[in-house]
Amino acid sequence: MFYRPETGHGLPHNPFNAIIAPRPIGWISTRGAAGDNIAPYSFFNAVAYVPPQVMFASTGGKDDRKGTKDSVAQIIETGVFCVNIAGGDLRDAVNASSATLPAGTSEFDAAGITRAECQTIDCPRAADAAAALECRMTRILPLAGEANFAVFGVVTGIHIREDCLIDGRFDARPAGGWLARLGYRDFTAVQDVFEMERPK
Ligand SMILES: Cc1cc2nc3c(=O)[nH]c(=O)nc-3n(C[C@H](O)[C@H](O)[C@H](O)COP(=O)(O)O)c2cc1C
């Protein structure tokens with residue numbers, strides 16, 4: 001089949017998300033005047049090595065956040081955020097933290113997520129995440145459409161869970177594998193890893 005997004009796919013569910021998959025999940029934690037917040041964003045990736053940089057995109061808004069979501073609103077307020085990388089062992093907490101809660105109601109408390117402090121920024125992080133990237137926001141780009149924003153940040157500190165460091169290599173398998181989003185309501189926790197030599 002072929003379709004143009006503006007004319008519609010005619011399928012029971014939008015296939016777009018399922019085509020670009022699996023997507024890593026940036027579990028974004030922030031601290032603002034309204035309190036501590038954490039939510040999953042699968043429009044997320046690393047975008048540069050030196051200095052290390054990441055991005056995530058927020059789509060849509062909440063009535064109490066003037067055309068965006070809590071995460072972007074708090075990053076605009078403070079200029080910092082933390083990207084927690086959850087393993088499959090935190091899948092339920094990650095999903096629970098996607099609930100749309102009023103600004104000021106913390107998903108850390110609502111979803112029972114253990115909090116720790118970041119070291120280079122004033123921001124909470126998920127203590128049990130396989131890794132966490134402390135970030136200073138560099139730019140927020142409005143994207144085409146309404147309430148679509150890409151948030152970019154430079155990484156200022158990196159936490160790695162001790163059991164996820166094996167022979168000097170980061171490995172999320174002790175944390176239940178790399179948690180990633182597929183389309184629809186599907187997820188995967190990557191356990192199956194193979195190595196390939198790159199051509200010279
Ligand atoms: C696995 C997963 C991935 C998600 N990815 C995104 C995303 O990339 N962008 C987005 O705007 N919302 C995404 N959502 C929905 C947000 O997590 C949800 O709107 C949440 O309430 C936003 O929280 P906040 O207002 O505290 O930032 C995702 C939800 C789940 C469960």
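Summary table below
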{"item": "The stretch 99-124 - residue that is touching a Leu at 6+ places or on another chain (Cβ under 9 Å) and closer than 26 Å to Thr156 by Cβ and, of those, surrounded by the fewest Cβ atoms within 10 Å (Cβ to Cβ)", "result": "Glu107"}
{"item": "Subset of the stretch 31-51 [within 8 Å of the ligand (Cβ to nearest atom), outside any loop (DSSP other than H, G, I, E, B) and either of a type outside the set (Gly, Ala, Ser) or at positive phi (or both)]", "result": "Asn37, Ile38, Pro40, Tyr41, Phe44"}
{"item": "Strands (runs of 3 or more DSSP E) wholly inside the stretch 108-152 that include at least 3 residues being without any contact (Cβ under 8 Å) to a residue 24 or more places away in the chain", "result": "131-142"}
{"item": "Contacts under 7 angstrom Cβ, first residue in the stretch 170-192 being over 15 Å from Ile85 (Cβ atoms), partner surrounded by fewer than 19 Cβ atoms within 10 Å (Cβ to Cβ) and among the basic types (Lys, Arg), 6 or more apart", "result": "Gln191/Arg173"}
{"item": "Condition check for Arg65: modelled with pLDDT under 95 and not acidic (Asp, Glu)", "result": "yes"}
{"item": "Filter result for the condition that a residue is at pLDDT 95 or above and farther than 21 Å from Gly112 by Cβ, over Val94, Val47", "result": "Val47"}
{"item": "Which numbered condition Pro102 misses (of (1) more than 15 Å from the chain's Cα centre (by Cα); (2) in a helix (DSSP H, G or I))", "result": "(2)"}
{"item": "Which listed residue, of Ile20, Ile28, is among the aliphatic types (A, V, I, L, M), free of Cβ contacts under 8 Å to residues at least 60 places away in the same chain and surrounded by fewer than 18 Cβ atoms within 10 Å (Cβ to Cβ)", "result": "Ile20"}
{"item": "Flag for His9 being more than 25 Å from Ala132 (Cα to Cα), touching a residue at least 60 places away in the same chain (Cβ under 8 Å) and in a loop (DSSP other than H, G, I, E, B)", "result": "no"}
{"item": "Subset of the stretch 54-80 (residues that are more than 10 Å from the ligand (Cβ to nearest atom) and either within 15 Å of Ala129 (Cβ to Cβ) or not in a loop (DSSP other than H, G, I, E, B) (or both))", "result": "Val54, Met55, Asp63, Ile76, Glu77, Thr78, Val80"}
{"item": "Selection count where residues are of a type in the set (Lys, Arg) and closer than 15 Å to Ile76 by Cβ, scope the stretch 101-159", "result": "2"}
{"item": "Test: residue in the stretch 90-98 that is within 19 Å of Thr59 (Cα to Cα), part of a helix (DSSP H, G or I) and of a type outside the set (A, V, I, L, M, F, W, C)", "result": "yes"}
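The values are calculated or read from the model by the stated rules, or taken from the named source; none is laboratory data. Predicted, not measured: the structure shown is a model, and the values here were computed from it. Methodologically, a virtual Cβ is constructed for each residue, glycine included, from the backbone with ideal geometry; neighbour enumeration extends over all protein chains shown.
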